[in-house]
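Read the structure below first, then the notes.
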Amino acid sequence: ADWFFGRDDDVAACLEILARTSVLALVGPSGSGKSSLLRAGLAAALRRRGQPSVTITPGAHPMESLTALARAPRGAALLIDQCEELFSLCEDPEEQREFLRALTAEATTRTVVIALRADHLADLATHAGFSRLVERGMYLVGGLDEDGLRTAVETPARQAGLLIEPGLVDLLVREVRSDPGAL
């Protein structure tokens with residue numbers, strides 16, 4: 001989180017969504033920055049506000065991943081990174097449904113944030129209860145714009161006490177601006 005820059009507007013928008021609903025879904029293509037936004041941006045912002053969090057990935061047995069909540073501090077937000085694993089790694093449709101029912105129930109008492117690859121959004125649509133919550137709190141994550149790229153390169157360099165060669169950031173931005181996962 002100390003080296004996470006370039007997504008202040010995204011973090012602020014996500015916090016606004018969480019002010020009105022308990023479920024936030026960060027949805028975007030692979031490499032767009034969903035995990036970084038979740039783990040370094042949003043988790044840190046929640047922590048600064050006094051709300052702890054627990055982060056899980058579903059894996060092949062998503063219900064087992066939820067056991068982490070037993071060790072979580074009271075009122076902790078549940079952050080689920082790589083939520084697409086629910087569909088790509090878990091082969092049991094009943095366990096998938098059970099996991100989504102559990103998330104729906106958790107959302108009644110705590111903040112729930114998922115990071116989901118966009119190509120798996122349709123998989124959620126088959127689970128009416130949770131998909132209705134997701135549609136109210138969806139945030140589309142794209143690659144960084146040029147200002148965000150500049151900030152992501154320059155700020156950590158300055159923070160580390162480095163001098164940036166003139167023109168270097170311009171070159172980097174030109175080379176990566178059309179590839180969301182390049183940086």
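The values are calculated or read from the model by the stated rules, or taken from the named source; none is laboratory data. None of the values given here were measured: they were computed from a predicted structure. Glycine gets a Cβ as well: all are built from the backbone with ideal geometry, and neighbour counts include every protein chain shown. Calculation scope for accessible area: heavy atoms of the full protein, side chains included, ligands and nucleic acids excluded. Shrake-Rupley method; radii C 1.70, N 1.55, O 1.52, S 1.80 Å.
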Exercise. Those residues that are part of a loop (DSSP other than H, G, I, E, B), at negative phi and either exposed (fewer than 12 other Cβ atoms within 10 Å of the Cβ) or among the small types (Gly, Ala, Ser) (or both), I need them from the stretch 150-168; list them, please.
Key: 160, 162, 163, 165, 166
Quiz prompt | Matching residues, the stretch 24-52, being within 30 Å of residue 91 (Cβ to Cβ) and touching a Ser or Thr at 6+ places or on another chain (Cβ under 8 Å) | solution = 24, 38, 39, 43
Quiz item: Which condition number in (1) exposed (fewer than 12 other Cβ atoms within 10 Å of the Cβ); (2) within 22 Å of the chain's Cα centre (by Cα); (3) part of a loop (DSSP other than H, G, I, E, B) is the one that residue 147 fails?
Solution: (3)
Self-check item: Residues located in the stretch 6-56, provided they are modelled with pLDDT under 95, in contact with a Pro (Cβ under 6 Å, 6 or more places away or on another chain) and open to solvent by 20 Å² or more (accessible area, probe 1.4 Å)
Solution: 31
Quiz item: Of the residues that make up the stretch 107-118, is at least one touching a His at 6+ places or on another chain (Cβ under 8 Å) and hydrophobic (A, V, I, L, M, F, W, C)?
Solution: no
Practice problem: Considering only residues that are over 14 Å from residue 102 (Cα atoms) and surrounded by 15 or more Cβ atoms within 10 Å (Cβ to Cβ), look in the stretch 57-76 and name the one that is nearest to the chain's Cα centre (by Cα). | Solution: 57
Quiz item: Residues that are within 20 Å of residue 148 (Cβ to Cβ): which strands (runs of 3 or more DSSP E) entirely in the stretch 1-114 hold 2 or more of them?
Solution: 23-28
Quiz item: Given (1) in contact with a helix residue (DSSP H, G or I) (Cβ under 7 Å, 6 or more places away or on another chain); (2) open to solvent by less than 60 Å² (accessible area, probe 1.4 Å), where does residue 114 come up short, assuming only one miss?
Solution: (1)
Practice problem: Looking only at the stretch 92-101, decide whether some residue is closer than 25 Å to residue 21 by Cβ and touching a residue at least 40 places away in the same chain (Cβ under 8 Å). | Solution: yes
